[in-house]
Amino acid sequence: MKFLKYALPVIIWMIFIFYISSLSHPPTPGPGVSYFGEFSHFIEYFILSFLFLRMFNGYNLKNVLLLAILFSILYGLTDEIHQLFVPYRAFEIEDLIIDSLGASVILIKLLFKK
């Protein structure tokens, strides 16, 4: 039951990211919308990091913040490598940096920890 509650949402979100990354021309809101790609990378990996944090907390692991950030960044790296094999896509270090920033936002949780 823990798998369904904690791990499955992580897997589903990772599949969603993989699917979007597999598209040669991912959907955008239209011309003239600046920074949509960067914003979507940031939000995707913020959500992934949150889901990893929730999963690791559910399994009572130690260093959950660090693990959540690290796993999210590693998935971002594999996602960029995956894009090397997708037509009209490429490995973008800028995207990996934005993914890492989005994943790291959960550090704010430390500010509110009692």
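Read-outs: derived from the displayed coordinates by stated rules, not from any lab. Since the structure is predicted, the reported quantities are computational estimates derived from the model, not experimental observations. Reconstructed Cβ throughout: ideal geometry from the backbone, glycine too, with neighbour counts over all protein chains shown.
Computed values, structure above
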| read-out | value |
| --- | --- |
| Cα lying deepest toward the dipole's positive end in segment 13-94, options F50, I81, N63, charges on Cβ | N63 |
| Sum of -39500 (n - 2.57) over DSSP H runs of 4+, divided by residues of the chain (222 nm, nearest 500) | -21000 deg cm²/dmol |
| Most mobile of L61, L53, L70 in a GNM of the chain (Cα contacts under 10 Å) | L61 |
| Value in Å of the Kirkwood radius, where segment 26-107 supplies the Cα pairs that are averaged | 13.4 |
| FRET efficiency, L66 to I97 (Cβ-Cβ, R0 22 Å, nearest 0.05) | 0.75 |
| Positive-end residue, the chain charge dipole about Cα centroid, Cβ charges, pick of F16, L96, S34 | F16 |
| Karplus-derived 3J(HN,Hα), 6.51/-1.76/1.60, for each residue of segment 43-60, Hz, glycine and proline x | 5, 4, 7, 5, 5, 4, 4, 4, 5, 4, 4, 4, 5, 5, 5, x, 9, 6 |
| H82-Y59 pseudo-label distance in nm [points 7 Å out on the Cα-to-Cβ vector] | 1.9 |
